[in-house]
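The values are calculated or read from the model by the stated rules, or taken from the named source; none is laboratory data. Model, not experiment: these values are computed from the prediction. When we count neighbours, we look across all protein chains shown, and the Cβ atoms used for this are built from the backbone with ideal geometry, even at glycine. Ligands, DNA and RNA are stripped out before the accessible areas are found, and what is left, the full protein with its side chains, is counted by its heavy atoms. Shrake-Rupley method; radii C 1.70, N 1.55, O 1.52, S 1.80 Å.
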Amino acid sequence: MARQEQQQHLQVLSALDAAKTQWYHFTAIVVAGMGFFTDAYDLFCISLVTKLLGRIYYTDLAKENPGSLPPNVAAAVNGVAFCGTLAGQLFFGWLGDKLGRKSVYGMTLLMMVICSIASGLSFSHTPTSVMATLCFFRFWLGFGIGGDYPLSATIMSEYANKKTRGAFIAAVFAMQGFGILAGGIVTLIISSAFRAGFPAPAYQDDRAGSTVRQADYVWRIILMLGAMPALLTYYWRMKMPETARYTALVAKNAKQAAADMSKVLQVEIQEEQDKLEQMVTRNSSSFGLFSRQFARRHGLHLVGTATTWFLLDIAFYSQNLFQKDIFTSINWIPKAKTMSALEEVFRIARAQTLIALCGTVPGYWFTVFLIDIVGRFAIQLLGFFMMTVFMLGLAVPYHHWTTKGNHIGFVVMYAFTFFFANFGPNSTTFIVPAEIFPARLRSTCHGISAAAGKAGAIIGSFGFLYAAQDPHKPDAGYKPGIGVRNSLFVLAGCNLLGFICTFLVPESKGKSLEEMSGEAEDDDDEVAAGGGAAVRPQTA
């Protein structure tokens, strides 16, 4: 077969595809994964402290209930990092294909470290200045986090072997689960320490005394600790050589690619510059993102990866960021006035930590262990289908779940939606865009797909904040919404659409990156194969 013969095009790429699992694979997973650990910690820890921010800066002692962030401030604090992430995914995704993965990787990490620390600072102590400072630095924190998505995925895919590539990329993304879990645990520890050191009564017993002055340090410490894991991995991230696929196929330097991978793989690899030039001449790998060739070969693929990620994140982030409000509605977290400020932080963190431990983290690792056995396509379909089922299972008998004695059942069902999000599209939408596009556009296309996801996250988080309001008794400052039950119906519909759009995405299990992207084909093969733009998934 012509394709099989052309798979021998460069020894350095064949060596990477066939390499046995080695220490450098695990090093790459840890180095890239700690970026995602930091990303998740930074993005999700804000939801743990928003109630505290409302108490500290917006409490009116004349009112029966403690203060909460005004709707516009809450939307800005929760959503501004997503706006920065979306911009960063597009910008750094493009830059990663222009300047190389390694150099841009360092920029994103430094930005995350600096902005994590700065987001815990403020220029003064008035509510307006504190929130403005927080939003400013969380935007740029999100910008750096955005760059980590396409670069981490691309680097891991280009380092991995063909047999276990899915598991390696999934393992990097699975660090997000540990980041969410770490955010909850850190918040539990810090809030417990401050509660022990500065005990306070409930708001209904002593309105002024329920929020101790030292509580202002709690949210700052939690946010600033997000810099630690990123800072610890910076040295190792800078020691990683540029990926051979970028060096060879984009920079067209076969000698450097062979030298770098000879050190990594600890084998002798020929440079084969002549073969590289023949390969570049043989296929039309120089087409641009907006060309007809790209549209013919990969247009449907990009539509598929972007729409599935967009739809998934509408559902995923609307739950993850505002699950504390659902817990309140089922009385798992008591009413705010019955607690002190620090006790409320503790209870919110405990609820989110339990969900992360029982539903979020296990789902990621099921994907790691099964993705190269079952395949990306099947896992994504299963995930979207089961998320639809469980959300309907929550929505249809919603009044049953919210009656006394049935709350634990609600939480179990809710945890299963997270499990199948992570053992499903939340992992696969990250993995597949790093595998199916050409090396010269891989980071860019992953960034576009990820940015579509963050657009969904913005819609989900902002929309759910308003939509989930009780139609008869909305929270202070909010207009009546459609309620939690109807919001769950909307989210189930998004998951069903995601199930349908999955059929636009090809299966990449067991195939080399060059085979998936068409870089292993010459023009004649590509035309004979019908352009390479699969309209239905192919099994490996």
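Quick notes on this one:
- Search result, residues across the range 498-507 that are surrounded by 19 or more Cβ atoms within 10 Å (Cβ to Cβ) and either charged (D, E, K, R) or part of a helix (DSSP H, G or I) (or both): Gly498, Phe499, Cys501, Thr502, Leu504, Glu507
- For the range 285-314, the set of residues classified as among the hydroxyl-bearing types (Ser, Thr, Tyr) and surrounded by fewer than 18 Cβ atoms within 10 Å (Cβ to Cβ) consists of Ser286, Ser291, listed by residue number.
- Residue in the range 115-156 that is most open to solvent (accessible area, probe 1.4 Å), counting only those that are out of contact with any Lys or Arg (no Cβ under 6 Å at 6 or more places or on another chain) and polar (S, T, N, Q): Thr128
- For the range 33-66, a residue qualifies if it is outside any helix (DSSP H, G or I) and open to solvent by 10 Å² or more (accessible area, probe 1.4 Å), and the qualifying residues are Thr59, Asp60, Leu61, Ala62, Lys63, Glu64, Asn65, Pro66.
- For the range 432-475, filtering for residues that are hydrophobic (A, V, I, L, M, F, W, C) and under 24 Å from Ser103 (Cβ atoms) leaves 8.
- Checklist (1) buried (at least 19 other Cβ atoms within 10 Å of the Cβ); (2) more than 29 Å from Tyr235 (Cβ to Cβ); (3) modelled with pLDDT under 90 applied to Val80, failing item: (3)
- Residue in the range 103-114 that is within 22 Å of Leu52 (Cβ to Cβ) and either open to solvent by 10 Å² or more (accessible area, probe 1.4 Å) or in a helix (DSSP H, G or I) (or both) present: no
- Conditions (1) in contact with a helix residue (DSSP H, G or I) (Cβ under 6 Å, 6 or more places away or on another chain); (2) hydroxyl-bearing (Ser, Thr, Tyr); (3) at pLDDT 90 or above; number of the one not met by Tyr159: (3)
- Residue check for Asp17: among the charged types (D, E, K, R), part of a helix (DSSP H, G or I) and closer than 30 Å to Lys163 by Cα: yes
- Out of Thr247, Thr281, Thr305, one residue alone is closer than 17 Å to Pro438 by Cβ, assigned to a helix (DSSP H, G or I), modelled with pLDDT under 80 and among the polar types (S, T, N, Q). It is Thr281.
- For the range 374-482, the helices (runs of 4 or more DSSP H) that sit wholly inside it and include 1 or more residues that are open to solvent by less than 10 Å² (accessible area, probe 1.4 Å) and either among the basic types (Lys, Arg) or in contact with a helix residue (DSSP H, G or I) (Cβ under 8 Å, 6 or more places away or on another chain) (or both) are 376-395, 407-422, 425-431, 442-467.
- Of the residues making up the range 230-244, those that are part of a helix (DSSP H, G or I) and either crowded, with 24+ Cβ neighbours inside 10 Å or at pLDDT 95 or above (or both) are Ala230, Ala244.
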